[in-house]
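So the structure is just underneath, and the comments pick up after that.
We did not get these values from a lab; they are worked out from the coordinates using the rules stated. No experiment lies behind these values; they were computed from the predicted model shown. Glycine also receives a Cβ, built like all others from the backbone with ideal geometry; neighbour counts cover every protein chain displayed.
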Amino acid sequence: MPGNKLTKAEIIENIYPEVNVSKKNIHRIIDLFFEEIKEALLQDKVIELRGFGTFELKTRKGRRARNPKTGEKVTVENHGVAVFRPGRELKQKVWSLRH
């Protein structure tokens, strides 16, 4: 469902009634969490969140490609991409959601 998304602001609103922490502090904690993940990826570390999944860097091989707007042939160099692999528990919970 393309229009069905969850924003950081909505996550903060959902967490707020469950904890004794201000919305401002929840926002800061979430931002710090994301910064830790980004920093670890930049240091080529694997981030394993048990019960959720793993973030890591993979190298995507370079290739010949075409600019879709102009049709011009271009060369794409080897480059890093951040990937997420869901953990077993998450995979099992979402397995039957879309048929």
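Hey, could you check region 23-51 for residues that are in contact with a helix residue (DSSP H, G or I) (Cβ under 6 Å, 6 or more places away or on another chain) and in contact (Cβ under 8 Å) with a residue 12 or more places away in the chain and say which is farthest from THR7 (Cα to Cα)? So that I can check it myself, show each step before the final result.
Start the filter on region 23-51 by keeping residues that are in contact with a helix residue (DSSP H, G or I) (Cβ under 6 Å, 6 or more places away or on another chain), which leaves 23, 26-27, 47, 51.
The next check asks that each one be in contact (Cβ under 8 Å) with a residue 12 or more places away in the chain; those that pass are 26-27, 51.
On the way: ILE26: 14, HIS27: 12, GLY51: 22 Å.
Here the residue is GLY51.
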Tabulated pairs, region 75-88, first closer than 23 Å to ARG64 by Cβ, second assigned to a loop (DSSP other than H, G, I, E, B), C-beta under 7 angstrom, 6+ apart or interchain: THR75/GLY62; VAL76/GLY62; GLU77/GLY62; ASN78/LYS61; ASN78/GLY62
Only one of ILE26, ILE30, ILE37, ILE47 that is surrounded by 11 or more Cβ atoms within 10 Å (Cβ to Cβ) and over 14 Å from the mean Cα position of the chain (by Cα): ILE26
